[in-house]
Amino acid sequence: MTAPISAADVNQPTLQPAAPAGRRMSLPVLLLVIAGGLALTSIVRLITGADGITNVSQMSTALQLAVPIGLAGLGGLWAERAGVVNIGLEGMMILGTWFGAWAGFQWGPWTGVLVGIIGGCLGGLLHAFVTVTFNVNHIVSGVAINILALGATRYLAPLAFEGHQGGSAKQSPPVESLGHFTVPGLSDALRDLNAKGWFFLSDIAGLLGGLVTNVSWLTLIAVALVPATWWILWRTAFGLRLRSCGENPVAAESLGVNVYKYKYLAVIISGGLAGLGGAFLSIVANPFYLEGQVSGRGFIGLAAMIFGNWMPGGLALGAGLFGYTDSLNLRGGSENVHALLLLGALLLIIGAIWQLVRKKYVAAAITAVIGGLVFAWYAGTNEVPNQVVSATPYVITLVVLALSAQRLRMPKADGLPYRKGQGK
């Protein structure tokens, strides 16, 4: 629960508010869980022979695919911590892809990144104007922005891109690369260790190797935005005021906080982060805008935010998970997903044992039955259909949200209507 806010808390610019308390994993426990997950994955790799599930190339691709999802999730976090539900993240990412590519092929990739952020901010400004000023239902506004962004970019693409070399009605001309970096020496050492196929050590080498091999400079910026968001929202007076608008805007207003201003700022920043995720897709992930390239990542980013319990660290873990499952489409998809069926079965069995220890017998029985069915699917087949591979990121999204639903705690005033002076 968030601590009560006093007038001194809100108005003191040097305040260092404490991070939110609650039932959260400590860092040692979290690291132990991650290590256990890696060990279990290593066992599955050794049993199945699917070395691709933890190799350097797989992890590098996963990181690249996690970045736009994570940026969309950060955008949702900023908006919802101020009390505004942002279903329009998908549309703001679409605007970021179009604006980023449009400016990028003409004036360079970094200009494209900046203009892509501006494009997302425009979507955020519109969402804030409709929801904060006119108090329109947040879901309705977000869906409308998604439709508007899709229609606007579909109309503008032929006008902007046709007639240029490499451009068409659905694709922009290519954008120059922002550049990549590889840590010399360390990258090769980790790749060699990963290739040895040793238990656990090779899997850790694959994970770390993906973080230091062919990494875009924009990826570094995106990763840095996660701790920066945490610091701003939980370690500054500005962040405390913004979060108070999402917890109790009436109380915040009574203490002198301009609630409208903070909601506007939060939603515009939210749109800018989503726009940056879109620009990443059209400049880094692909060096061009392509109609439909966002492909639901805005919604998956929203799911990552919910999985992370409206916290930056948990959001980053969720984005990494969804990025990893998305990368299976690109590298050894059928073989790797088939191996992950065994991993899923083992996790379900472990979950059933945990439920049994906690004396939740019905939940334990259901979990064990599902785990048995997944194992039977793995044992009775040699590969999975391509349709299953393509659907894996979305299935994982639904499963993770279903399993984490009981521990979620959204901001109290998230999505609720608010009018200036309503507490008087």
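Annotations
- The shape of region 339-424 can be summarised by an equivalent ellipsoid whose semi-axes, obtained from the alpha carbon gyration tensor, come to 37, 20, 7 Å from longest to shortest.
- If you run the Gaussian network model on the chain, springs between alpha carbon atoms under 10 Å, then out of Trp354, Trp107, Trp98 the most flexible one is Trp354.
- Considering only Leu207, Leu330, Leu373, the Gaussian network model of the chain with Cα springs below 10 Å gives its largest mean-square fluctuation to Leu373.
- Computed over the alpha-carbon atoms, region 172-311 gives an Rg to Rh ratio of 1.09, Rh here being the Kirkwood radius from the mean inverse distance.
- Computed over the alpha carbons of region 131-203, Rg followed by Dmax gives 23.4, 61 Å.
- Relative contact order of the chain, pairs being alpha-carbon contacts under 8 Å that are 6 or more residues apart, as %: 29
- Coordinate range of the alpha-carbon atoms in region 236-286 per principal axis, descending: 48, 19, 14 Å.
- Helix runs (DSSP H) in the chain reaching 30 Å along axis by Cα, Kyte-Doolittle at least 1.6: 27-48, 333-357
- Cα-based shape type of region 112-243, given that a ≥ b ≥ c are square roots of the gyration tensor eigenvalues and the cut on a/c is 1.5: oblate
- Spatially close Lys pairs in the chain, defined by Cα atoms under 25 Å apart and a spacing of eight or more places or different chains, total 8.
- Loop-resident chymotrypsin sites (Phe, Trp or Tyr not before Pro) (DSSP state other than H, G, I, E or B) in region 115-178 with no more than 11 further Cβ atoms inside 10 Å of their Cβ: Phe134.
- When the helices of the chain are scored as -39500 (n - 2.57) per DSSP H run of n ≥ 4 and the total is divided over every residue, the value at 222 nm lands at -22500 deg cm²/dmol.
- Solvent-free Debye calculation, one equal scatterer per alpha-carbon of region 38-134: log10 I(q)/I(0) at 0.12, 0.15, 0.22, 0.24 Å⁻¹ equals -0.57, -0.73, -1.06, -1.17.
- Qualifying GluC sites (Glu not before Pro) for region 147-248 [loop in DSSP, other Cβ within 10 Å: at most 16]: Glu162, Glu176
- Rg and Dmax over the alpha-carbon atoms of region 314-387 stand at 14.4, 42 Å.
- Expressed in units of 2.2 N^0.38 Å, where N is the residue count, the Cα radius of gyration of region 241-357 is 1.47.
- The equivalent ellipsoid that matches the C-alpha gyration tensor of the chain spans semi-axes of 35, 30, 20 angstrom, in descending order.
- Among Leu290, Gly163, Gly351 the positive-end extreme of the charge dipole of the chain (Cβ point charges): Gly351
- Rolling a 1.4 Å probe over the heavy atoms of the protein chains gives the chain an accessible area of 46 Å² per residue.
- For region 281-424, radius of gyration divided by Kirkwood radius, i.e. Rg to Rh on alpha-carbons: 1.07
The values are calculated or read from the model by the stated rules, or taken from the named source; none is laboratory data. All of these numbers come straight from a predicted model, not from anything done at the bench. Virtual Cβ from ideal backbone geometry, glycine too; neighbours counted across all protein chains shown. The accessibility values were calculated without ligands, DNA or RNA, using every heavy atom of the protein model including side chains. Shrake-Rupley method; radii C 1.70, N 1.55, O 1.52, S 1.80 Å.
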